[in-house]
Amino acid sequence: MKAMKNRNSILIAGPCSAETKEQVIKTAKKINQEINIDFLRAGIWKPRTRPNSFEGIGEKGLKWLKEAGRVINKPVITEVASTSHVEAALKTEIDALWLGARTTVNPFLTEEISESLRGVDMPIAIKNPINPDINLWIGAFERIHQKTKGDIILIHRGFSYFGKSEYRNNPNWEIPIEMMRRYPGISMICDPSHISGNVKLIPIIAQKAIDLNMNGLMIETHIDPKNAKSDAKQQITPIELKKIISALVFKEEFSINENFTNALQLLRSKIDTVDNEIINLFAQRFKIIEEIGDYKKDNKITVYQPERWNEIIKSRIETSKFHELNIAFIQEYMDLIHKESIRVQTQILNKK
Ligand code: PEP
Ligand code: MN
């Protein structure tokens, strides 16, 4: 991304979806006026999780995207999810393609798409699969890499997560870091828009990606985000895009030994993920505690039930032994949990 002051970085921006010809061209012109991008993006076929939402404008949008690219003199990129999409995109001379998270997850589809890209010389970007399964990402990468002649770019867009999370898609940073470690010559860029799901988190995620030495960003940018037909909450204006990119801090690498830095980053990211999961699990546990509290209140049962607690301690110690954990530590931790559970339930029982 020349715009990002970093020699090898790639900046991809543009709307989530092409909606009208005017919207694509206006967005492109305004972005180009604010900042130097490497690719203009727009989704033509939108794979929505649920039916009856906007499913993209279809093939005619390819021409709008190509024309917008010509107007600002930039290559254009769109998502393909089938061989017929690939054919239509090639016919319209789209400059680069990406496989979405819902495609990477499916080896049948990636196989078919990779066949239709055999011998094709254009950049192909591969988003991580929806679920945090690195092997699916690797599989899609290998299939495409074996057949196309062009550069491959990997895009980190986060992973689905059951339960509450501050992200739309959990970053699981250790997965893209591991991909970077395995494929050091392949560009890894981050899509903070789909990780965040809202405008607020985008700059934080973007900075984190830069701190991890990723090679660029894909950010959904719309001329009028509020009225966007898809992903309205996470799209930003071209002016906001410029602000976010200009505010990024490119740090000097604090270790000259890149292998060491990567190994340490990888381990730290794993710790981050585990800690977040522990907190999410705490939240789940205390939600159940509250439900039990309500039940005990309705049925006039006491909060503290010694047999149940003895049972819990016994079974948790067994599990801890299996994992060779320090039993004294686990006992202390369980006591803490128990104290807090009793506090929460007593509060519920005392509620009028
Ligand atoms: C997109 O980039 O608009 C998109 C649909 O992304 P993903 O495949 O990451 O959900
Ligand atoms: Mn989108």
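The values are calculated or read from the model by the stated rules, or taken from the named source; none is laboratory data. None of the values given here were measured: they were computed from a predicted structure. No Cβ is skipped: glycine too gets one built from the backbone with ideal geometry, and neighbour counts run over all protein chains shown.
For the range 12-27, name all the residues that are assigned to a helix (DSSP H, G or I) and away from ligand 1 (no atom under 16 Å from the Cβ). Steps first, answer last, please.
To start, the set of residues in the range 12-27 that are assigned to a helix (DSSP H, G or I) comprises 21-27.
Of everything in the range 12-27, those that are assigned to a helix (DSSP H, G or I) and away from ligand 1 (no atom under 16 Å from the Cβ) turn out to be LYS21, GLU22, ILE25, LYS26.
Of the conditions (1) at pLDDT 90 or above; (2) loosely packed, with under 13 Cβ neighbours inside 10 Å; (3) not in a helix (DSSP H, G or I), LEU325 clears all except one; give me its number. It fails just one condition, (2).
Would you check which residues across the range 32-62 are away from ligand 2 (no atom under 16 Å from the Cβ) and surrounded by 16 or more Cβ atoms within 10 Å (Cβ to Cβ) and list them? First the steps, then the outcome.
Residues of the range 32-62 that are away from ligand 2 (no atom under 16 Å from the Cβ), as a first pass: 32-38, 51-52, 58-60, 62.
Correct list: ASN32, GLU34, ILE35, ILE37, ASP38, LEU62.
When the range 120-160 is filtered for residues that are among the charged types (D, E, K, R) and touching a residue at least 40 places away in the same chain (Cβ under 8 Å), the ones remaining, listed by number, are LYS127, ARG157.
Look through the range 90-110, keep the residues that are charged (D, E, K, R) and part of a helix (DSSP H, G or I), and return whichever of them is nearest to ligand 2 (Cβ to nearest atom). Can you show your working first?
If we filter the range 90-110 for residues that are charged (D, E, K, R), which is where we start, we get 91, 93, 95, 102.
Imposing the further condition that a residue be part of a helix (DSSP H, G or I) reduces the set to 91, 102.
Values: LYS91: 24, ARG102: 11 Å.
So, considering only residues that are charged (D, E, K, R) and part of a helix (DSSP H, G or I), the one nearest to ligand 2 (Cβ to nearest atom) is ARG102.
The set of residues in the range 163-186 that are farther than 17 Å from ASP272 by Cα and in contact with a His (Cβ under 6 Å, 6 or more places away or on another chain) is empty. From the list SER160, SER193, the one residue that fits, being in contact with a Cys (Cβ under 8 Å, 6 or more places away or on another chain), within 15 Å of ligand 2 (Cβ to nearest atom) and among the hydroxyl-bearing types (Ser, Thr, Tyr), is SER193.
Considering only the range 50-72, how many residues are touching a residue at least 24 places away in the same chain (Cβ under 8 Å) and in a loop (DSSP other than H, G, I, E, B)? Before the answer, list the steps.
If we filter the range 50-72 for residues that are touching a residue at least 24 places away in the same chain (Cβ under 8 Å), which is where we start, we get 53-54, 56-57, 59, 61-69, 71-72.
From what's left, in a loop (DSSP other than H, G, I, E, B): 53-54, 56-57, 59.
Count: 5.
Report yes if some residue within the range 92-111 is closer than 20 Å to HIS156 by Cα, out of contact with any Asp or Glu (no Cβ under 6 Å at 6 or more places or on another chain) and touching a residue at least 60 places away in the same chain (Cβ under 8 Å); otherwise report no. Working first, answer last.
First, the residues of the range 92-111 that are closer than 20 Å to HIS156 by Cα: 96-107, 109-110.
Then drop every residue that is not out of contact with any Asp or Glu (no Cβ under 6 Å at 6 or more places or on another chain), which leaves 96-97, 99, 101-107, 109-110.
So of that shortlist, the ones also touching a residue at least 60 places away in the same chain (Cβ under 8 Å) come out as 101.
Yes, because at least one residue in the range 92-111 is closer than 20 Å to HIS156 by Cα, out of contact with any Asp or Glu (no Cβ under 6 Å at 6 or more places or on another chain) and touching a residue at least 60 places away in the same chain (Cβ under 8 Å).
All of GLU79, GLU59 fail the test of being within 16 Å of ligand 1 (Cβ to nearest atom), charged (D, E, K, R) and in contact with a Ser or Thr (Cβ under 9 Å, 6 or more places away or on another chain), apart from GLU79. Scoring LYS200 on the criteria (1) within 16 Å of ligand 1 (Cβ to nearest atom); (2) within 30 Å of ILE25 (Cα to Cα) leaves a single failure, condition (1).
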